[in-house]
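Have a look at the structure below, then the notes.
The values are calculated or read from the model by the stated rules, or taken from the named source; none is laboratory data. Just so it is clear, the model here is predicted, and its values are computed rather than measured. All Cβ positions, glycine included, derive from the backbone under ideal geometry; neighbour counts span all protein chains shown. Each accessible area value is taken on the protein alone, full model and side chains, heavy atoms only, with ligands, DNA and RNA left out. Shrake-Rupley method; radii C 1.70, N 1.55, O 1.52, S 1.80 Å.
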Amino acid sequence: MTSPLPQTLVLIGAGKMGGAMLEGWLRIGMNPAGISLIDPKPSDEMVALATEKGMALNPDPASLTSVEVLVLATKPQMLDTAAPAVQAFIRPQTLLISILAGKTLSDLSARLPNATAMIRAMPNLPASVQRGATGAAAGQGVTGAQRAMADALLRSIGTVEWLDDEGLIDAVTAVSGSGPAYVFHLVECLAAAGKQAGLPADIAERLARATIEGAGELLHQSPLSPATLRQNVTSPAGTTAAGLSVLMGPLEPLIVETVAAAKRRAGELSG
Ligand SMILES: NC(=O)C1=CN([C@@H]2O[C@H](COP(=O)(O)OP(=O)(O)OC[C@H]3O[C@@H](n4cnc5c(N)ncnc54)[C@H](OP(=O)(O)O)[C@@H]3O)[C@@H](O)[C@H]2O)C=CC1
Ligand SMILES: O=C(O)[C@@H]1CCC=N1
């Protein structure tokens, strides 16, 4: 039996990532009447969306008798400032899901002493189109039913990897949390290279974008490994082999360094 999605959800921080998750949840048909958004300066788009869908925007905490799930999606640096307002939305049965990079369950407990059930999750931006990838770790106070509900909520916007060791969330952040930005930059680089190779800029951009889209979709649909898919593009002594002879040496160490830098930064954001 699949676990039910929460009937009542408060999203604190309706910015880029909170907004992406919200978009995903609305797409799968979550009831907007059960969703409340808290953001001191919501974007015009967020105000319009709240109005159109009938979601409460900055309601009085006392007006919400039930808050099954509270998703905390402010910037990590805003945790201290936001904590008093966050606490006002926590009920005895509330499950808090934090997506704050770097902030540990213990950092959260120190600021939110009334939160007894907490999950630290790291989603990513494609959640808005149900293709997110989330890593999650549950704190000790989380019941089996709450964990199942969180799993259903996060799985409704993509894949979920549960980790027994919360310490691994910083590595998740560096790989899949930040990962879409690495891929988007690859599109930028491929487009720039296409332009340098003589293509008109707009055509280079469209080809680069469609190439990453197509490669991503093929990865999604194919049972083959990335290495086999790469080999399937690479004709013996052909053009791809020539291109990869330049890329494959330096790319892996560069990506290892990239992920290490992002993971290091997550550690710096803790506390
Ligand atoms: N962007 C991403 O791809 C991912 C982000 N994350 C995590 O998500 C969180 C948000 O990141 P992101 O969406 O990029 O950042 P944003 O700045 O876009 O979103 C944060 C939102 O919170 C609002 N805010 C500020 N103070 C408060 C407050 N006291 N109460 C409620 N809302 C407040 C901000 O308003 P204002 O702009 O006016 O300050 C903003 O709208 C971070 O902790 C980040 O680590 C996790 C995974 C991926
Ligand atoms: O850049 C950041 O800190 C956040 C966390 C992962 C993606 N964006």
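State to the nearest 20 debye the size of the charge dipole of the chain about its Cα centre, where the only charges are +1 on K and R beta carbons and -1 on D and E beta carbons. Could you put the intermediate results ahead of the total?
Working: 19 positive and 23 negative charges, 9 e Å.
Dipole magnitude for the chain comes out near 40 debye.
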Kindly provide the helix-only [θ] at 222 nm of the chain, computed as the sum of -39,500 (n - 2.57) over DSSP H runs of four or more divided by all residues, to the nearest 500 deg cm²/dmol?
-15500 deg cm²/dmol
Restricting to bridges with both residues inside the range 9-169, how much of the DSSP beta-bridge set is antiparallel, in percent to the nearest 5?
15 percent
For Gln93, put the label point 7 Å out on the Cα→Cβ axis and report which residues of the range 1-33 keep their amide N under 11 Å from it.
7-8
Which order do the peptides 128-140, 79-91, 10-22, 231-243 take when ranked by the mean count of other beta-carbon atoms within 10 Å per residue, highest first?
10-22, 128-140, 79-91, 231-243
List the residues whose amide H sits under 5 Å from the amide H of Val71, counting only those 5 or more places along or on another chain, with H placed 1.01 Å from N in the peptide plane.
Val10, Leu11, Ile12, Ile97
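For the chain, what % of the accessible area comes from carbon and sulfur atoms, probe 1.4 Å? Working shown, then result.
Working: 8830 of 14650 Å².
Heavy-atom surface of the chain belonging to carbon and sulfur, 1.4 Å probe: 60 percent.
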Per residue, accessible area of the range 164-250 with a 1.4 Å probe, heavy atoms of protein chains only, in Å², comes to 68 Å²
Considering the convex hull of the alpha carbon atoms of the range 103-221, report its projected area averaged over all viewing directions, in nm², one decimal.
9.1 nm²
Check: in the chain the Lys pairs 8 or more apart or on separate chains whose Cα atoms fall under 27 Å apart number 12
Vicinal HN-Hα couplings computed from phi for the range 227-243 (Karplus, 6.51 cos²θ - 1.76 cosθ + 1.60; Hz; Gly/Pro x)
5, 5, 4, 4, 5, 5, 8, 8, 6, x, 6, x, 6, 5, 4, 5, x
Here Rg/Rh (Cα, Kirkwood) for the chain equals 1.02
When 1/r is averaged over all different Cα pairs and the result inverted, which Kirkwood radius in Å belongs to the range 9-169?
15.5 Å
Over the range 179-269, volume per residue of the alpha carbon convex hull, in Å³
128 Å³
